[in-house]
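Before any comments, here is the structure.
The values are calculated or read from the model by the stated rules, or taken from the named source; none is laboratory data. Keep in mind that what you see is a predicted model, and the values were worked out from it rather than measured. Cβ placement follows ideal geometry from the backbone for every residue including glycine, while neighbour counts extend to all protein chains displayed.
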Amino acid sequence: MTEQKNSNQESTLQTNIWLEEPQSDNPYAASVCYCSGYDVYGELLGNISWIDYLYLLFKLELPTKIESQLLNNIAVAIANPGIRDHSVRAAMNAGAGGSTRASALIAAIAVGAGNLNGGRDVLQMIRLWCSLDTDIDRWRAYIEGDHRQETEDSWPLMEHIAGFDPNGVSRPKPVVQTLSQLASLKPKGKLAWLQAHVTSLEQLVGYPLAMSGVIATALADLEFSEAQAEMLYLMLRLPGAAAHALEQEVNGWRKYPFFGSAVKPMEDSAYNELLTSWRNKP
């Protein structure tokens, strides 16, 4: 365990992830940085992919070839949830409306954090895998029972089976393709079991599998904890939100159909009259 102390020795920061050796001439700057024992700038940089480094940060060990491929394909599958996704639309709204770029990312995370195909949905699906595993009878009993979860902190009750889309009609093609591709990398894991039983599960649930269910299952196969899975899901969905927000920022609100048709600029005379009226209020 690494212990990093401040200059006043008043507190100790404990981390298994990171160790820094300070510069000889500046204790506030690092000379060497180690991630789980690996020299980041002297050993990893130039020799490791971003996805493998991400795995190392969370798991404190380098992935196998299959683990690397699986996490990389997860990242590709959800890098851009698309303009129909509410989290991406939130970022687009921020971009078109002229908000700061940080606001666009924060909006995407906030909207994409919830129970409906969001980060919380992934967490709840991981919990199902932990309790039900690959036992179809246990899944059936759960689905046919009272599946709502107890409220925790500010989170509302689950109103649907985690990992499935209560607003869906049939399984979307991207979900089918993603499940098939990811399952091919883990032929004896939860993904393969889900692929084999997905039709039966959808019949029991009454609505189709969602992308969040596929990704949660893949992260469960990689043995990420529920907290790690939730965090990774939120992070890996941000690139598309960022790209779309920047695009709408350039296009402006006049070309954004959800703003352009609703916002009516005031004539200067009308604006001045309104401003005068406001200033003259007692």
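Residues of segment 67-81 include at least one that is small (Gly, Ala, Ser) and in contact with a Gly (Cβ under 7 Å, 6 or more places away or on another chain).
Matching residues to (1) crowded, with 17+ Cβ neighbours inside 10 Å; (2) modelled with pLDDT of 95 or more:
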{"residue": "3", "(1), (2)": "no, no"}
{"residue": "13", "(1), (2)": "no, no"}
{"residue": "34", "(1), (2)": "yes, yes"}
{"residue": "50", "(1), (2)": "no, yes"}
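Within segment 211-229, if we keep just the residues that are hydrophobic (A, V, I, L, M, F, W, C) and over 11 Å from residue 178 (Cβ atoms), the residue that is surrounded by the most Cβ atoms within 10 Å (Cβ to Cβ) turns out to be 216.
Checked against (1) without any contact (Cβ under 8 Å) to a residue 12 or more places away in the chain; (2) within 25 Å of residue 231 (Cβ to Cβ), residue 38 meets all criteria but (1). Evaluated against (1) modelled with pLDDT of 95 or more; (2) more than 23 Å from the chain's Cα centre (by Cα), residue 233 falls short on exactly one condition, (2). Can you find a residue in segment 62-79 that is more than 25 Å from residue 121 (Cβ to Cβ), among the charged types (D, E, K, R), touching a Ser or Thr at 6+ places or on another chain (Cβ under 8 Å) and without any contact (Cβ under 8 Å) to a residue 60 or more places away in the chain? Looking for residues that are more than 25 Å from residue 121 (Cβ to Cβ), among the charged types (D, E, K, R), touching a Ser or Thr at 6+ places or on another chain (Cβ under 8 Å) and without any contact (Cβ under 8 Å) to a residue 60 or more places away in the chain, one finds none in segment 62-79, hence no. Checking each residue in segment 111-132 for being in contact (Cβ under 8 Å) with a residue 12 or more places away in the chain and exposed (fewer than 14 other Cβ atoms within 10 Å of the Cβ) picks out only 130.
Hey, can you tell me all the residues within segment 54-68 that are surrounded by 16 or more Cβ atoms within 10 Å (Cβ to Cβ) and touching a Leu at 6+ places or on another chain (Cβ under 8 Å)? If the condition is that a residue be surrounded by 16 or more Cβ atoms within 10 Å (Cβ to Cβ) and touching a Leu at 6+ places or on another chain (Cβ under 8 Å), then 54, 55, 56, 58, 63, 67 are the ones that fit.
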